[in-house]
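A.B. asks: Right, I'll just put the structure down here and ask away after.
All of the numbers you see were taken from the coordinates with simple rules; none came from a lab. On a predicted model such as this, the values are computed, not experimentally measured, just so you know. In this analysis, Cβ positions are derived from the backbone assuming ideal geometry, glycine residues included, and neighbour counts consider all displayed protein chains.
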Amino acid sequence: MIEERFDAIVVGAGPSGNAAAYTMAKAGLKVLQLERGEYPGSKNVQGAILYADALEKIIPDFREDAPLERHIIEQRLWTMDEKSYVGMHYRSEDFNEERPNRYTILRAQFDKWFSSKVREAGAILLCETTVTELIRDGAGKVTGVRTDRDGGTALADIVILGEGVNGLVGQRSGLRPELQPDSVALAVKEMHFLPREVIESRFNLKGNEGVVIEAMGTITDGMTGTGFLYTNQESVSVGIGCIVSDFAESGKTAYGLLEAFKNHPSIKPLLENSECKEYAAHLIPEGGYHSIPELYGDGWLVVGDAGQFVNAVHREGSNLAMTTGRIAGETVIALKHRGAAMSKANLAAYKRTLDETFVMKDLKKYKRIPALLHRNKQLFGLYPRLLTAAAQTWFRVDGVDKRSKENAILRSFRKGRTLSGLIGDAFKLARAWR
Amino acid sequence: MTDAMDANATGTGFKVEEKLFQNRYLVDVGRPHITIKPHDVPSKALLALTHACPAGCYSKNDSGQVEATIDGCLECGTCRVITAKTGDIEWNYPRGGFGVLFKFG
């Protein structure tokens, strides 16, 4: 389909693919980027939080024209039961800074903007083009891709796969194994529109300030997962996600969970009179460090969700995607400048560089967490119930003396989980966390 | 208790079609990107899709087989992951440009 040969082909125009394509095009490399959606972002779903640091390292002045919603000044972490939540909130005026640290974004708008920067930098973008397979030479080196545009092909020195969590090209080419139902989450999300002044008064905000709520507890009905609510300028993103194998085995539906979450007495008033304009679903790779596949080979690199680069504990993904995309691009540029081959041995520099960044360090730190969360459902049902009940015992003034209240709370934990169970959970959590 | 919470309790009562109605799609008429392999009795994995699919694309027909109507597919891949071992379905991306078009994402 395309006669000329490229320095690099990037599959996908999400955060990782755009970061890679931008970095390489900016350095003067001939880059072709292929995207199956009608426009970049049309197939992409995220909460969504943008972490400024990762994007600043690619486009330092992104704040000048990127479509940003609200900068986050407050984080609310909720442990919920059916009627209550126990919350840990952090709000600071320090987050009202000249260069805010985190923003809510709408991915369809943001990805379009990022893509415009990629094209300004000189990359060629073809949308509505699904890559169907990799092309290899006799020695097995990846030399290009085949697409569904009349079966057309394109050739390059390297193919960077930023094809997302459900990336079929790399999987079907045997570059990485099939996703496992117990290490990937299904999240569903709705976009609820409200006038901006309503959002500001409901969430105690002014101007472009924003709030993030992350929630866990009985909202996932015994399954491993979390809920969220993010404030945008004139909308609220509300969603919930659980591990796929939990859905498969439990018979529960994602949309049923979302409805119940929206109707929770602590959430419902926040959404009142809103108009829902979209319902989306997406997979999130949550297997962590142990699920990271082979990241490079002769003529190819993997970036973003396709490489399982998600820190599930901190709900970070887009920053890992952009960072892996950027470092992949820089690795290719360095080899190109040296006139070195895009061989597996030379591309190992990508992984070595990643190992020294927060991306690998964080995933490694939490390498035991995914299995812990999956095998310890008491963290999502029993403990939230015990915590909220304890809070009620403590705060309700009813003539019972405080010592008796303390004892009642301690008894409820021992009865609910036994002393050895409590100690065991504390030990497991501490071991997985450190 | 609200209707929605009842729906959650049973896992089936809620009409997901009302949610999908908000979305934009460009349906590739006559070329479904997911097909179910012919079967007499569905595997456990295939049966799970009737509730695990977030777009409610899968349902059991009167004679016990699982059928799919994928016009509302959100292209998440949940069904593909659940049936990867059993091979009950054939899953491909829609042709370039077709399928769901997220306005907000």
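A.B. asks: Would you mind telling me the antiparallel percentage of the DSSP bridges in chain A, rounded to 5? All intermediate terms of the calculation are to be shown ahead of the outcome.
C.D. replies: Details: 52 of 76 bridges.
Once the DSSP bridges in chain A are tallied, antiparallel ones form about 70 percent.
A.B. asks: Rounded to whole Å and sorted largest first, list the principal axis extents of the Cα atoms in the stretch B:33-105.
C.D. replies: Taking the Cα atoms of the stretch B:33-105, the three principal extents are 38, 22, 16 Å.
A.B. asks: Provide the packing ranking of B:22-34, A:394-406, A:256-268, A:14-26, i.e. peptides ordered by the mean count of other C-beta atoms within 10 Å per residue, highest first.
C.D. replies: On the way: B:22-34: 13.8, A:394-406: 9.2, A:256-268: 21.8, A:14-26: 30.5.
Put in order of decreasing packing, that is A:14-26, A:256-268, B:22-34, A:394-406.
A.B. asks: In nm², what is the average projected area of the convex hull enclosing the Cα atoms of the stretch A:182-285? Spell out each step's value before the answer.
C.D. replies: Details: hull surface 25.4 nm².
That works out to 6.3 nm².
A.B. asks: Applying 1/(1 + (r/R0)^6) with R0 = 60 Å to the Cβ-Cβ distance of residue A:137 and residue A:268, what FRET efficiency is obtained, to the nearest 0.05?
C.D. replies: Details: r = 59 Å, r/R0 = 0.98.
It comes out at approximately 0.50.
A.B. asks: What is the average number of partner chain Cβ atoms found within 10 Å of a Cβ in A:123-136?
C.D. replies: Details: counts 0, 0, 0, 1, 2, 5, 3, 9, 2, 3, 0, 0, 0, 0.
Other-chain Cβ atoms within 10 Å of each residue's Cβ, averaged: 2.
A.B. asks: 5 Å is the cut-off here: which amide hydrogens, built 1.01 Å from N in the peptide plane, fall below it relative to residue A:33, excluding neighbours closer than 5 in sequence?
C.D. replies: Close amide H contacts, sequence-distant or interchain: A:10, A:124, A:125, A:126.
A.B. asks: Expected output is a single nm value to one decimal: the length gained when fully extending between residue A:98 and residue A:405, i.e. 0.36 nm times separation in residues minus the C-alpha distance. What is it?
C.D. replies: Separation in residues times 0.36 nm, less the Cα-Cα distance, equals 105.8 nm.
A.B. asks: Points 7 angstrom from Cα along the Cβ direction at residue A:197 and residue A:345: gap in nanometres?
C.D. replies: Calculated label separation equals 6.9 nm.
A.B. asks: Rounded to the nearest Å, what's the spacing between the alpha carbon centres of the stretch B:60-84 and the stretch A:238-281? Just the number, please.
C.D. replies: Between the Cα centre of the stretch B:60-84 and that of the stretch A:238-281, the gap is 20 Å.
A.B. asks: Taking chain A as a Gaussian network, Cα atoms linked when under 10 Å apart, which of A:163, A:98, A:133 shows the biggest mean-square fluctuation?
C.D. replies: Result for chain A, Cα springs under 10 Å: A:98 fluctuates most.
A.B. asks: Here's another thing I want to ask about it. Just from its helices, what would the mean residue ellipticity at 222 nm be for the protein assembly as shown, if runs of 4 or more DSSP H residues each count -39500 (n - 2.57) and the sum is divided by every residue, rounded to the nearest 500 deg cm²/dmol? Show your work: numbers first, answer last.
C.D. replies: Values: 19 runs with 182 residues, N = 539.
Value at 222 nm, helices only, nearest 500: -10000 deg cm²/dmol.
A.B. asks: Once the piece of chain linking residue A:426 and residue A:120 is laid out straight, how much longer is it, given 0.36 nm per residue of separation minus the C-alpha distance between them?
C.D. replies: Values: separation 306, 0.36 × 306 = 110.16 nm, distance 5.21 nm.
Contour length minus Cα-Cα distance gives 104.9 nm.
A.B. asks: Please report, to one decimal in angstroms, the Kirkwood hydrodynamic radius of the stretch A:300-359 built from all distinct Cα-Cα pairs.
C.D. replies: On the way: mean 1/r = 0.0837 Å⁻¹.
Taking the inverse mean of 1/r over all distinct Cα pairs, the stretch A:300-359 comes out at 11.9 Å.
A.B. asks: So, one more: Could you tell me which of the pairs A:344/A:364; A:83/A:365; A:268/B:15; A:30/A:361; A:262/A:365 are separated by over 27 angstrom between their Cα atoms in the structure shown?
C.D. replies: Details: A:344/A:364 23 Å; A:83/A:365 34 Å; A:268/B:15 19 Å; A:30/A:361 32 Å; A:262/A:365 33 Å.
With Cα atoms farther than 27 Å apart: A:83/A:365; A:30/A:361; A:262/A:365.
A.B. asks: Excluding residue A:286 itself, calculate the net charge of residues whose Cβ lies under 11 Å from the Cβ of residue A:286, where each Lys or Arg counts +1 and each Asp or Glu counts -1.
C.D. replies: Details: positive: A:315; negative: A:182, A:305.
Here the charged neighbours net out to -1.
A.B. asks: Among the listed pairs A:141/A:351; A:26/A:206; A:43/B:37; A:57/A:428, which have their C-alpha atoms separated by more than 29 angstrom in this model? Display every interim value, and only then the final one.
C.D. replies: Working: A:141/A:351 19 Å; A:26/A:206 37 Å; A:43/B:37 26 Å; A:57/A:428 36 Å.
In this structure, A:26/A:206; A:57/A:428 exceed 29 Å between Cα atoms.
A.B. asks: Another question, then. Provide the gained length on full extension for the span residue A:206 to residue A:434, in nm with one decimal, where the gain is 0.36 nm per separating residue minus the Cα-Cα distance. The partial results should precede the final answer.
C.D. replies: Details: separation 228, 0.36 × 228 = 82.08 nm, distance 3.78 nm.
Between residue A:206 and residue A:434, full extension yields 78.3 nm more.
A.B. asks: Next up: Rounded to the nearest 20 Debye, what is the dipole magnitude of the stretch A:129-201 about its Cα centre when Lys and Arg each give +1 and Asp and Glu each give -1 at the C-beta?
C.D. replies: With Lys and Arg at +1 and Asp and Glu at -1, about 260 debye.
A.B. asks: What percentages, rounded to whole numbers, describe P(r) for the protein assembly as shown computed over all alpha carbon pairs with 20 Å bin width beginning at zero?
C.D. replies: Using 20 Å bins, I get a P(r) of 22, 55, 22, 2, 0 for the protein assembly as shown.
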